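Undergrad: So that we are looking at the same thing, I have put the structure below in structure tokens.
What follows is calculated from the coordinates using simple rules that are stated; it is not laboratory data. It should be emphasised that the depicted structure is a prediction, and the values quoted were computed from it without experimental measurement. Ideal geometry is used to build each Cβ from the backbone, glycine not excepted, and the neighbour counts take in all protein chains shown.
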Amino acid sequence: MRSLAVICLLSLAGCIGTPDQPRVEGFGAPDALHFVYSAQTNTVMSENDDGVAERLRRDWLAEALRAHGMCYDGYVVDTRRLVVDPDGPFANGGNIVYSGRCL
């Protein structure tokens, strides 16, 4: 019975998110002034546009723009939308897609 309990606890341990998990993101620039950035959401990194998760995504966006040598004078996000994963009725994630332009 104890071994069954240990096995159950170990299997649940894999479900716990860690802060060191890699972020899943995408970046595209159709031209030198416009960009499209996406960041994956899940239960921990919720899709809400307020709070810690959104601040992290905005920081990641700024890092991606710097890494691609874009928007040295700042940028504007024109649209922000959630694209839900089509993994069935119990899916709990998607991508937040930011479209914007450099100033």
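Undergrad: Within a Cβ distance under 12 Å of V24, other residues only, what is the Lys/Arg minus Asp/Glu net charge?
TA: For residues surrounding V24, the net value is 0.
Undergrad: Among V77, A64, Y37, flag the residue with its Cα farthest along the positive direction of the charge dipole of the stretch 23-102, charges on Cβ as +1 for Lys/Arg and -1 for Asp/Glu.
TA: Towards the positive end, the residue furthest out is A64.
Undergrad: Would you mind putting 57-66, 76-85 in packing order, based on average other-beta-carbon counts within 10 Å, highest first?
TA: So the order, starting with the most tightly packed, is 57-66, 76-85.
Undergrad: What spacing in nm lies between the two simple spin-label points modelled at L56 and L82, each 7 Å away from Cα in the Cβ direction?
TA: Taking the simple label geometry, L56 and L82 are separated by 1.6 nm.
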